[in-house]
Amino acid sequence: MPRRLLFALLAMGVAQAAVYMVRPATSYRLLAYGEGAREVGLVAAAFALLPIFLAIPLGRLSDRRSGAPLLVVGCAVQSVGCLGLAVSTTTLTIALASAVVGVGHLALA
């Protein structure tokens, strides 16, 4: 297996693992802040709301050009979103960071 492909597979695995760790942790963090089920649900929905509107344009972009740059950008966007979740202290900033993670996850899919 080429070394580049191995690196890409490893990066994708880490990116997927990050999403599946960050999403439940976000809910627990909101509960620790004293937020209720409505706020947890809204923040969880923020993860998918922005990608719903960006899915077709990003898909077209991926079809027109090589998908490799989109994967790199998606990894970077997802990393920024995860960092944002780590430093967020309000429900609004957590929701915004969750939306950024969702966009990065879409670009990786």
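FYI, it's all coordinate maths here, none of it is from the lab. A quick note: this is a predicted structure, and the numbers were derived from the prediction, not measured. Here the Cβ positions follow ideal geometry from the backbone for every residue, glycine too, while neighbour counts run over all protein chains shown.
Brief remarks follow.
- Using distinct alpha-carbon pairs, which all enter the 1/r mean, Kirkwood radius of the chain in Å: 14.5
- Cut-off 12 Å, label 7 Å out along Cα→Cβ of residue 89, residues of region 21-44 by amide N: none
- Dipole of the chain, positive direction: furthest Cα of 83, 61, 104, with charges on the beta-carbon: 61
- Residue-span extension gain [residue 28 to residue 76] - 0.36 nm each, minus C-alpha spacing: 14.8 nm
- Stokes-Einstein diffusion coefficient of region 1-49, Kirkwood radius over Cα pairs, 10 °C, 1.306 mPa s, in µm²/s: 126
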